[in-house]
Each structure stands twice: as structure tokens, then as C-alpha cells.
1. Can TYR124 be described as free of Cβ contacts under 8 Å to residues at least 12 places away in the same chain, surrounded by 13 or more Cβ atoms within 10 Å (Cβ to Cβ) and not in a strand (DSSP E or B)?
2. So, in the range 143-181, exactly how many residues are part of a strand (DSSP E or B) and surrounded by fewer than 11 Cβ atoms within 10 Å (Cβ to Cβ)?
3. I'm told SER50 meets every condition in (1) more than 25 Å from LEU217 (Cβ to Cβ); (2) surrounded by fewer than 18 Cβ atoms within 10 Å (Cβ to Cβ); (3) out of contact with any strand residue (DSSP E or B) (no Cβ under 8 Å at 6 or more places or on another chain) except one. Can you identify the failing condition by its number?
4. Which residue is surrounded by the fewest Cβ atoms within 10 Å (Cβ to Cβ), if the candidates are limited to the range 198-220 and must be touching a helix residue (DSSP H, G or I) at 6+ places or on another chain (Cβ under 8 Å) and of a type in the set (A, V, I, L, M)?
5. Looking only at the range 65-99, which residues are assigned to a loop (DSSP other than H, G, I, E, B), at pLDDT 95 or above and more than 23 Å from TRP250 (Cβ to Cβ)?
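The values are calculated or read from the model by the stated rules, or taken from the named source; none is laboratory data. These numbers were taken from a predicted model, which means no experiment stands behind them. Neighbour counts run over all protein chains shown; Cβ positions are idealised from the backbone, glycine included.
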Amino acid sequence: MKTKTFFISVSLAISALCASICTGQSNVLYYGTNGSSIGVTFVDTNLSVSARASIVCDLQLCLQEWGKGTQFRLGADDPAFVAHLYNPDITPNFPETIDFPDNVVSNGTTGFALQIPKTLSDAYTNAFVFAVANSNAVTAAYGFVAFVSSSNFLSTVTSNTIHNYILVKDATNQYYQTEFSGIVEGMFQYPKYYPPSLLGFYCSPNGPGTNNLYFRLPAKTNPGYGYDGWHGFPAIWHDNKWKVCIGYEWVP
């Protein structure tokens, strides 16, 4: 009973967190430049309604911008599937050990549905627990991304405050002062940052502490130059605030 109650509380907490980021909690995902929709089905039929909604919400967050390059393609190598969702760029939201779901099955109600394997829903279940245990930092991550991605950030950040948003290994206060323009241009003006997936949060011994909290910061590099690329940069929880991290860690 305690385990069930704990999982319900975790699911409700994450649902509330996702609700502040995503619009809608139905089991439908939208992708592509024209906002095409597809249903979602879960291999694990024991998942609660709130857990499913939270997973769909997080997947939609990943598809928000990166998913504009996603295409629906009929046919699949595995006969268990009838189609797949194709994106030429690996999602910057997930760690390299986790694949974004792409297998599509027939669905009598909507025609097609994206299948969520149990390995992925299990990873989300673990991420829910991790997020609740680090709820203040996880919630702050979304506010951090929103601010550093805004024009307000570029108009208000100064050489005296830039250290609040980026951590460079072995950098002195003088470094942040003298390299201010290059830091802003290279790390905050040209890359375009997007909210992280719950699967992107992790701990690492690499950093100024022994157990550092990080998340993968999804970034579109060179936007508007005709050769956009996607990458996940490391962001670290340091001095009770999030900072883009350089030199300590490279995202897994």
C-alpha cells in the first residue's frame, strides 16, 4: 500500500509540473511542421492514467521544436509495426542510452498509434521519482531555460552577472569580465535553448562537487544559417541556481 501511495503522489507531482509546461494531457502527440497528430499506446497496461499523461506531456515537450523535423513513414523492418516516425536528428532531450519512440502500430480508433515500450515507460517511472526528490531544482530548470532564451536576458545580462548563468571550469572572476562578449555570443545569442525532458536530469561525480546535479539542455545550434543542428549541452545546479556548464561534464 505504501508503494502504491508513493507512486500516486509522484505521478500527481509530475503531472502538476508538466501541466505548467505543456498544454493538454490527452494521449495524442503532435509533430511535423504542420502539427500532424498521432495517438499513443503503452505496452505496459498497468501504468496509471496520471503516469501516462505525464509521459505524453514530456514527449510532447521534446517534439515542440525538434519534432518539426519528424515525418510519418509507412512501413517498418519489424512486422509487428506498420509505420514509424522518422527524424534525421537524434533528439537532444534524451540521454544516448534511451531512444525516442518511433514505432507505430495500427489503432482501431485513430488509425495509427505511437507505441511506448515498457523500457521507456520504466525509465520515466524512475525519472518521476528522481524529479520529486529534486523538485525545486527540476522546476527551476524550466524557468532558467525560459529566461536565458528570452530577449530580456540578452538585454539585461552584464559582465558582472554572467557568472550566474554559466560555469566555466577553473575560470576566475576576471575571466568572466574579459570574455563576457564572447560568452554571450557563443553560448546565449546563437544557440537556441529549449526545455529539458525529465529523462535529461542526472547526477554525476564530474564537477565542483562529489555528486553534481545536471540536465541535458536541448539546443538548436546555428539557427537561421541553413545548417541547423541539435545538441544537448550540460547544465549544472551550482550555488542553488542552474548554469550552462563548460569543462566539467559532457552529457551522456
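1. Answer is no for this residue.
2. Residues of the range 143-181 part of a strand (DSSP E or B): 166-168.
Add one more test, that the residue is surrounded by fewer than 11 Cβ atoms within 10 Å (Cβ to Cβ), and what stays is none.
Within the range 143-181, residues that are part of a strand (DSSP E or B) and surrounded by fewer than 11 Cβ atoms within 10 Å (Cβ to Cβ) number 0.
3. Result: SER50 passes all but (2).
4. Applying the filter and picking the extreme gives LEU213.
5. THR70
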